[in-house]
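Comments concern the structure below.
The values are calculated or read from the model by the stated rules, or taken from the named source; none is laboratory data. These figures come from a predicted structure and were not determined experimentally. FYI the Cβ positions are ideal-geometry reconstructions off the backbone, even for glycines, and counts take in every protein chain you see. Calculation scope for accessible area: heavy atoms of the full protein, side chains included, ligands and nucleic acids excluded. Shrake-Rupley method; radii C 1.70, N 1.55, O 1.52, S 1.80 Å.
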Amino acid sequence: MTVSDSLIAFYSRAAENYRNGELKILDIGNTEAAAGILKNLTGAELFKIEQRQPYSTSYNECIAEAQSDQQRNARPALKAYPESIEPYRLIYLGFPNYWGTMPMAVFTFLEHFDFSGKTIRPFCTHEGSGMGNSEEDIRRLCPGATVEQGLSLHGSSVWRAGKEVERWIKTGNPGK
């Protein structure tokens, strides 16, 4: 088996989530579902970014905690990191849109490594807010990396996004 030169690093949250105007319990978070589609299409290795202290399983409490972290510019401690990102040429970076950008745990992850010479292809899940400021934030946090156009996926329809993800992988353009 050959080692992939691509990594899918993603932050995702199962439990109670907002989907199509309702709160629903998800066994697998929307971003993790998108990461699974990417894995199936690319064969890239997966790494789940997880906070040492996870947010509440209650959606409303979670978003309040996430907003507080953002307002404080917090860097939550992570459970683990990949041993190295050196073998990877391409990093797919996935996350839900929290208050117009990435969850602060993704900031922690990005600040841990030097992404110089790497290509980062961000993808996010959302319920109507798109990529927000995340691409600009990634460029600021990873000045030596090439940050390509991101793919925003509506969370409640991510399970049916295979063709959209495949087009983005092949062309680098999310299209619509």
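Computed values, structure above
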item	result
Residue within the stretch 40-54 that is touching a Gly at 6+ places or on another chain (Cβ under 6 Å) and open to solvent by 20 Å² or more (accessible area, probe 1.4 Å) present	no
Residues of the stretch 16-29 classified as in contact with a Leu (Cβ under 7 Å, 6 or more places away or on another chain) and farther than 12 Å from Thr125 by Cβ, total	1
Enumerated strands (runs of 3 or more DSSP E) restricted to the stretch 65-176, each holding at least 1 residues that are in contact (Cβ under 8 Å) with a residue 12 or more places away in the chain and more than 18 Å from Lys48 (Cα to Cα)	119-126, 151-154
Ala77 farther than 23 Å from Thr146 by Cα, open to solvent by less than 80 Å² (accessible area, probe 1.4 Å) and not acidic (Asp, Glu)	yes
Residue that is farther than 21 Å from His126 by Cα, of a type in the set (Gly, Ala, Ser) and in contact (Cβ under 8 Å) with a residue 60 or more places away in the chain, where the choices are Ser6, Ser12	Ser6
